[in-house]
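Novice: First the structure, which I've put down as C-alpha cells, then a few questions once you've had a look.
Bear in mind that the values in this text are calculations on the coordinates, not laboratory data. The structure presented is a predicted model; accordingly, all values stated were derived computationally and were not measured. FYI the Cβ positions are ideal-geometry reconstructions off the backbone, even for glycines, and counts take in every protein chain you see.
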Ligand code: GDP
Ligand code: MN
C-alpha cells in the first residue's frame with residue numbers, strides 16, 4: 001500500500017522526524033476555507049502515488065493566497081504519469097541550502113533492510129552515480145544502531161550539528177520502516193534549510209500489502225492493484241496480473257507457480273493467474289473463470305490437481321460458463337487427481353479435450369498462443 005506524501009509525512013512526524021506543516025485540500029472551496037491560515041510562502045504540491053511531480057509541473061511555489069489558488073486550479077485534475085491529481089498538499093515553503101537523500105528499503109538480493117543516504121538529493125536517485133550513494137544492509141539481530149547511522153552519515157561531509165540531526169533522522173527513519181512493516185520509506189529531498197535545520201521535505205512510503213492489517217492506524221492510498229485484481233480481492237479470489245498473455249487457472253500456490261514456470265520454460269508467458277485454492281463450489285469456479293475472461297488472455301490454461309478442490313467440480317463450473325457465455329480463445333486443460341475421470345468426461349462432452357501430462361499441456365498452450373499471435377499479426 002502506497003501512501004500519499006501528506007500521509008507519509010504524518011507517519012514520519014509520528015516517529016519524530018521533523019517535517020514542514022501543511023494542509024490537504026481537494027477543491028478550491030476547501031482552499032478558500034483555509035487560505036488565511038496558511039504559512040506563506042507555501043509550496044503547492046500535487047498528491048499522486050508517483051514521484052517526479054516537480055518535473056511534471058505538479059510542485060509550485062506561492063507567495064500569497066491568490067498565487068496559491070491559481071496553482072491549485074492548474075494542478076487539481078492534472079495528469080501525472082497517467083494518474084489524476086485529486087488532492088493538493090499546501091505546505092510551508094522553506095529555503096533549502098542543501099538537498100540530501102535518505103531511504104530504507106527491502107533489499108531483495110541480500111534479503112535484508114538496506115539504509116541508503118546521499119548528499120545528492122532532490123533529483124531522481126536513479127540518476128545519482130552509485131559511488132555517491134552510501135548503503136548499509138542491516139541484520140535484524142543487530143538492528144540499526146546510532147553507531148551505524150553515524151558511520152553512514154560520516155560519508156556526507158556535513159558539519160557537526162547537521163550530521164547530528166541527519167543521524168537522528170536516519171535512526172528514526174529505520175524505526176519507521178521497521179515498526180510500520182514498510183517495503184520502502186524515502187525522504188527526497190531531506191533538506192537542510194538556510195537556518196541549518198534538517199527536515200523531511202518529501203515522503204515516499206510503501207507498506208507491505210500483507211501487513212496492512214496490522215496497521216489500521218496508517219492511512220494509505222490505494223493498494224497496488226489493477227482494477228481486476230481489486231475485483232478479485234473483493235470476491236476473495238487470489239488473482240494476479242502479469243506481463244504475459246496466457247491465462248493460468250490452477251489450484252494451490254505451488255502448482256500455480258510451477259505452471260507459470262513451465263510456460264516460461266516452453267517460451268510462453270503467464271499473463272494472469274488465478275488460484276482456485278480449495279473450493280468445492282462450481283459457482284466459485286465460474287466466478288474465477290469469468291474474471292479470467294475479463295483479463296483477455298490469448299489462451300486459457302487450466303492446470304488442476306484435484307484434492308479438496310475436486311476435478312469434476314471445476315469441470316462443471318468451466319463447462320457451465322462455456323455453455324452460458326462461450327470463450328473465444330483456446331482452452332487447454334490438464335486434469336489429474338480426485339474424480340479426474342468424471343472431470344474429463346464432463347469436459348469432453350462439452351468438446352474440451354483434457355490431457356494428463358502437464359508438460360504436454362504447457363507446450364500446447366504456448367503453441368496455441370503463438371498461433372493466435374501470428375493470426376493477429378503480432379504478439380500482445
Ligand atoms: P517530487 O518531484 O515528486 O519528488 O516532489 P518533491 O516534494 O521532492 O519536490 C520537488 C522539488 O521541489 C524538490 O526537490 C525541491 O527542489 C523543490 N521544493 C519542494 N519543496 C520545497 C521548499 O519548501 N523549498 C524549496 N526551496 N524547494 C522546494
Ligand atoms: Mn521528491
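Novice: Based on Cα coordinates alone, diagonalise the gyration tensor for the range 18-144, multiply each eigenvalue by 5, take square roots, and list the semi-axes in whole Å, largest first. Numbers along the way, then the final one.
Specialist: Details: eigenvalues 227, 50, 41 Å².
Gyration-tensor ellipsoid for the range 18-144: 34, 16, 14 Å.
Novice: For the range 181-239, calculate the relative contact order in percent as a whole number, restricting contacts to Cα pairs under 8 Å that are 6 or more residues apart. Write down the numbers at each step before the final one.
Specialist: Details: 52 pairs, mean separation 16.1, N = 59.
Computed value for the range 181-239: 27 percent relative contact order.
Novice: Also, quick follow-up: Return the whole-Å distance between the Cα centroid of the range 1-79 and the Cα centroid of the range 267-288.
Specialist: Value for the Cα centre distance between the two parts: 42 Å.
Novice: Hey, another quick one. For the chain, with a Gaussian network of springs between Cα atoms less than 10 Å apart, report the residue from 281, 298, 27 with the top mean-square fluctuation.
Specialist: Comparing 281, 298, 27 in the GNM, the peak value goes to 281.
Novice: Nearest 500 deg cm²/dmol is fine: what mean residue ellipticity at 222 nm does the chain get from its DSSP H runs of n ≥ 4 alone, each adding -39,500 (n - 2.57), divided by its residue count?
Specialist: Working: 11 runs with 133 residues, N = 380.
Result for the chain, helices only: -11000 deg cm²/dmol.
Novice: Still on this structure: Which length gain, in nm to one decimal place, applies between residue 146 and residue 36 when the Cα-Cα distance is subtracted from 0.36 nm times their residue separation?
Specialist: Computed gain between residue 146 and residue 36 is 35.4 nm.
Novice: GNM on the chain, C-alpha springs below 10 Å: top fluctuator among 136, 78, 257?
Specialist: Result for the chain, Cα springs under 10 Å: 257 fluctuates most.
Novice: Hey, another quick one. How far apart, in nm, are the 7 Å Cα→Cβ label points at residue 108 and residue 225?
Specialist: Between residue 108 and residue 225, the simple spin-label model gives 2.1 nm.
Novice: Which angle between 0 and 90 degrees, to the nearest 10, do you get for helix 65-75 versus the longest principal axis of the chain when only C-alpha atoms count?
Specialist: That works out to roughly 20 degrees.
Novice: What FRET efficiency comes out for residue 27 versus residue 209 if R0 is 51 angstrom and r is the Cβ-Cβ distance? Round to the nearest 0.05. Don't skip to the end; give the middle numbers.
Specialist: Values: r = 30 Å, r/R0 = 0.59.
It comes out at approximately 0.95.
Novice: In nm, to one decimal, how far is the modelled label at residue 70 from the one at residue 353, with both set 7 Å along Cα→Cβ?
Specialist: Those two pseudo-labels are separated by 7.1 nm.
Novice: Same structure, new question: For the range 28-81, what is the Kirkwood hydrodynamic radius in Å, using each pair of distinct C-alpha atoms?
Specialist: Numbers: mean 1/r = 0.0872 Å⁻¹.
Final number for the Kirkwood radius of the range 28-81 is 11.5 Å.
Novice: I would also like to ask the following. Can you give the FRET efficiency to the nearest 0.05 for residue 238 and residue 14, using r as the Cβ-Cβ distance and R₀ = 25 Å? Let's see the in-between values first.
Specialist: On the way: r = 33 Å, r/R0 = 1.31.
The calculated FRET efficiency here is 0.15.
Novice: Between residue 266 and residue 97, what is the spin-label point distance in nm, taking each point 7 Å from the Cα along the Cα→C-beta axis?
Specialist: 6.6 nm
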